[in-house]
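Novice: Would you mind keeping the following structure in view while I ask a few things?
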Amino acid sequence: MVNMSEIQVLSKTENYVKNWFANEGSGHDWWHIHRVRNMALKIADAEGGNLFTIEMTALLHDIDDWKINGNKKTLKAETWLRKIKTDEYEVQKMIEIIDQVSFKGAGVATNATSIEAKIVQDADRLDAIGAIGIARTFAYGGNKGRPIYLPEIKPELHNDFDSYKKGTAPTINHFYEKLLLLKSRLNTPTAIEMAKKRHIFMEQFLEQFFMEWDSKT
């Protein structure tokens, strides 16, 4: 349970993040943050963990993300945490969690080292699959000027973070390079159970997509 001072910090952080993502149109917007926070808290109800740490890192998990910042290294989360006078131990713990959230390529291990990191990572990955995940994937592809699908360009299972970041493949490839892999890379029993229906929905979507692409239906 969070105390009053933590509630104030969370409120200030929410406003800060909302303002930062106000005009974001790549699918990594405020509403993504909002869903990840709510999902993380829902998972924590079953799995435990420090709720303040989970909520803060869920709110801040994308603010330094390379997809938002054009591959530039930024320290907005760390700067914000120090600005609001978060305890130094907590700052370091939260930065570590945030660094462990993102998917970095099919061949790259992204092991979460605490229950809080596992929960926030799972919440972020759940928002990348299912109906919302499909919508976000095409929003991101359109934002980056990528074609929907080019049959001659095959999916690539990237073995390092740099090659994953440099990828410019059509949007459909992203399902095979990331989204369909996420169900097997979740941490908590709660998230694994939630992922089943979302994963099936993506498989059904792709089946329908290719049938329509080939004019079979």
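The values are calculated or read from the model by the stated rules, or taken from the named source; none is laboratory data. Computed from a predicted structure; not experimentally measured. As a convention, Cβ positions derive from the backbone with ideal geometry for all residues, glycine included, and neighbour counts pool all protein chains shown. Areas reflect the complete protein model, heavy atoms only, side chains present, ligands, DNA and RNA absent. Shrake-Rupley method; radii C 1.70, N 1.55, O 1.52, S 1.80 Å.
Novice: Accessible area of Ile200, 1.4 Å probe, to the nearest 10 Å²?
Specialist: For Ile200, solvent-accessible area is about 80 Å².
Novice: Could you calculate the contour length gain from Val108 to Tyr149, that is, 0.36 nm times the residue separation minus the distance between their Cα atoms, to one decimal place in nm?
Specialist: Working: separation 41, 0.36 × 41 = 14.76 nm, distance 2.48 nm.
Result: 12.3 nm gained on full extension.
Novice: Taking the Cβ of Ala169 as the centre, find all other residues whose Cβ is under 12 Å away and add up their charges (Lys, Arg: +1; Asp, Glu: -1). Mind showing how you got there, number by number?
Specialist: Details: positive: Lys144, Arg146, Lys154, Lys166, Lys178; negative: Glu152, Glu156, Glu177.
Here the count lands on +2.
Novice: So if I restrict to the alpha-carbon atoms in region 105-165, what is the Rg, and what is Dmax, the biggest pairwise distance, in Å?
Specialist: My reading of the Cα-based Rg and Dmax gives 14.1, 42 Å.
Novice: Loop-only chymotrypsin sites (Phe, Trp or Tyr not before Pro) in region 1-86, please: DSSP not H, G, I, E or B, and at most 11 other Cβ atoms within 10 Å. Let's see the in-between values first.
Specialist: Values: sites: Tyr16, Trp20, Phe21, Trp30, Trp31, Phe52, Trp66, Trp80; in loops: Phe21.
Sites meeting the loop and neighbour criteria: none at all.
Novice: Sticking with this one: Can you give me the orientation-averaged projected area of the convex hull built on the Cα atoms of the chain, in nm²?
Specialist: Result: a mean projected hull area of 12.0 nm².
Novice: So, one more: Using the Karplus curve 6.51 cos²θ - 1.76 cosθ + 1.60 with θ = phi - 60°, what ³J(HN,Hα) values do you get for each residue of region 100-114, in whole Hz, with x for Gly and Pro?
Specialist: In residue order, the calculated couplings are 8, 6, 6, 6, 10, x, 4, x, 10, 5, 10, 6, 8, 9, 9 Hz.
Novice: With all protein chains present and a 1.4 Å probe, how do Ser5, Ser102, Ser215 order by accessible area, largest first?
Specialist: Heavy-atom accessible area, descending, gives Ser215, Ser5, Ser102.
Novice: Quote the accessible area belonging to Glu14 in square angstrom, nearest 10, computed with a 1.4 Å probe and with ligands, DNA and RNA left uncounted.
Specialist: Using a 1.4 Å probe on the heavy atoms, I get roughly 40 Å².
Novice: With a sphere of radius 13 Å drawn around the Cβ of Lys183, what net charge do the other residues whose Cβ falls strictly inside it have (Lys, Arg +1; Asp, Glu -1)?
Specialist: Numbers: positive: Arg125, Lys178, Arg185, Lys196, Lys197, Arg198; negative: Asp122, Glu193, Glu203.
Charge balance in the 13 Å sphere: +3.
Novice: Work out how much length Trp213 to Lys12 would gain on full extension: take 0.36 nm times their residue separation and subtract the Cα-Cα distance, in nm to one decimal.
Specialist: Extra length from Trp213 to Lys12 when fully extended: 67.6 nm.
Novice: Within the chain, what whole-number % of the accessible surface is contributed by carbon and sulfur, with the 1.4 Å probe and all protein chains included in the calculation?
Specialist: Working: 5920 of 11160 Å².
Within the chain, the accessible surface is 53 percent carbon and sulfur.
Novice: On to the next question. Per residue, how much accessible surface does region 1-54 expose to a 1.4 Å probe? Answer in Å², no decimals. Numbers along the way, then the final one.
Specialist: Details: 2930 Å² over 54 residues.
I get 54 Å² per residue for this part.
Novice: I've got another one for you. Per DSSP H run of at least 4 residues, take -39500 (n - 2.57); add these up for the chain, divide by its residues and hand me the 222 nm value, nearest 500 deg cm²/dmol.
Specialist: -19500 deg cm²/dmol, from helical runs alone.
Novice: Order Tyr164, Tyr176, most accessible first, counting only protein heavy atoms with a 1.4 angstrom probe.
Specialist: My answer, sorted largest first, is Tyr176, Tyr164.
Novice: What is the count of Lys pairs in region 36-99 whose alpha carbons sit under 20 Å apart, if the two are 8 or more places apart or on different chains?
Specialist: 7
Novice: While we're on this one: According to a simple spin-label model (label point 7 Å from Cα along Cα-to-Cβ), what is the distance in nm between Asn159 and Trp31?
Specialist: Here the answer is 4.0 nm between the modelled labels.
Novice: For region 116-217, what is the convex hull volume of the alpha-carbon atoms per residue, in Å³?
Specialist: Measuring per residue, one finds 107 Å³ for the Cα hull of region 116-217.
Novice: What spacing in nm lies between the two simple spin-label points modelled at Phe201 and Ser5, each 7 Å away from Cα in the Cβ direction?
Specialist: Simple spin-label model gives 4.1 nm for this pair.
Novice: Which residues among region 95-115 fall inside the zone where the amide N is under 20 Å from a point 7 Å beyond the Cα of Arg185, along Cα→Cβ?
Specialist: Under 20 Å, as judged by backbone N against the label point of Arg185, lie 96-115 of region 95-115.
Novice: Compute the normalised compactness of region 63-136: alpha-carbon radius of gyration over 2.2 N^0.38 Å, N being the residue count.
Specialist: Taking N as the residue count of region 63-136, the ratio is 1.21.
Novice: Right, here's the next one. In degrees between 0 and 90, to the nearest 10, how far off the longest principal axis of the chain does helix 130-143 point, with axes built from Cα atoms?
Specialist: It works out to around 80 degrees.
Novice: Determine the per residue accessible area of region 133-182 with all protein chains present and a 1.4 angstrom probe, expressed in square angstrom. The partial results should precede the final answer.
Specialist: Details: 2570 Å² over 50 residues.
For region 133-182, the per-residue accessible area is 51 Å².
Novice: Using Stokes-Einstein with the Kirkwood hydrodynamic radius over Cα pairs, what translational diffusion coefficient do you get for region 23-113 at 25 °C and a viscosity of 0.890 mPa s, in µm²/s rounded to a whole number?
Specialist: Stokes-Einstein gives a translational diffusion coefficient of 175 µm²/s.
Novice: I would also like to ask the following. Can you give the local net charge around Phe205? Use residues other than it whose beta-carbon is closer than 12 angstrom to its beta-carbon, Lys and Arg +1, Asp and Glu -1.
Specialist: -2
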